[in-house]
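What follows is a single structure, written as structure tokens, with notes after it.
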Amino acid sequence: ARAMARSTPDTRPLRIAITGFSGTPRDTLQELVARTGEGYTKTLSRDNTHLICLSHSGQKYESAAAWGVAVVSHVWLLDSIVLWSWRDPHPYRGPGPVAPSQ
């Protein structure tokens, strides 16, 4: 499979963590991240590039915000996969399920 295109010149591998989801939704998001070929992490660290979160609350969210990790809704991942191109995270900063206007 070909690698997903990037919307920015940054070529660092993505390290994506997830918070606020449990059970099947969390498992599905983990599987989707794996299918992109990028890295999923169970824990959040300063090395993460993105945090997919259900709401703007909690320890992972606060740490991500303090460290400059891009905080996005799950719609960012879904849109990126549909277009097979990593989307700019800024329009996806709010918690889902609303998609940004194009």
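The values are calculated or read from the model by the stated rules, or taken from the named source; none is laboratory data. This one's a predicted model, so the numbers in the text were calculated from it and none came from an experiment. Cβ coordinates were reconstructed from backbone atoms using ideal geometry, including for glycine residues, and neighbour counts include every protein chain displayed.
Couple of notes before you dig in:
- Pairs with Cβ under 6 Å, 6+ apart, first in the range 66-77 and over 9 Å from His50 (Cβ atoms), second in a strand (DSSP E or B) and not acidic (Asp, Glu): His74/Ile52
- Among the conditions (1) surrounded by 12 or more Cβ atoms within 10 Å (Cβ to Cβ); (2) hydroxyl-bearing (Ser, Thr, Tyr); (3) at pLDDT 95 or above, Ser57 misses just one, which is (3).
- Filtered by the rule that a residue be aromatic (Phe, Trp, Tyr) and farther than 18 Å from Phe21 by Cα, the range 50-91 gives Trp67, Trp84, Trp86.
- Failed condition for Gly96, given (1) small (Gly, Ala, Ser); (2) at pLDDT 95 or above; (3) under 28 Å from Arg2 (Cα atoms): (2)
- Among the residues of the range 35-44, those identified as over 16 Å from Ala5 (Cα atoms) and either at pLDDT below 95 or surrounded by 12 or more Cβ atoms within 10 Å (Cβ to Cβ) (or both) are Tyr40, Thr41, Leu44.
- Matching residues, the range 6-25, being within 12 Å of the chain's Cα centre (by Cα) and over 23 Å from Ser85 (Cβ atoms): Thr19
- Number of the exception - Leu29 against (1) out of contact with any helix residue (DSSP H, G or I) (no Cβ under 9 Å at 6 or more places or on another chain); (2) over 13 Å from Trp86 (Cβ atoms): (1)
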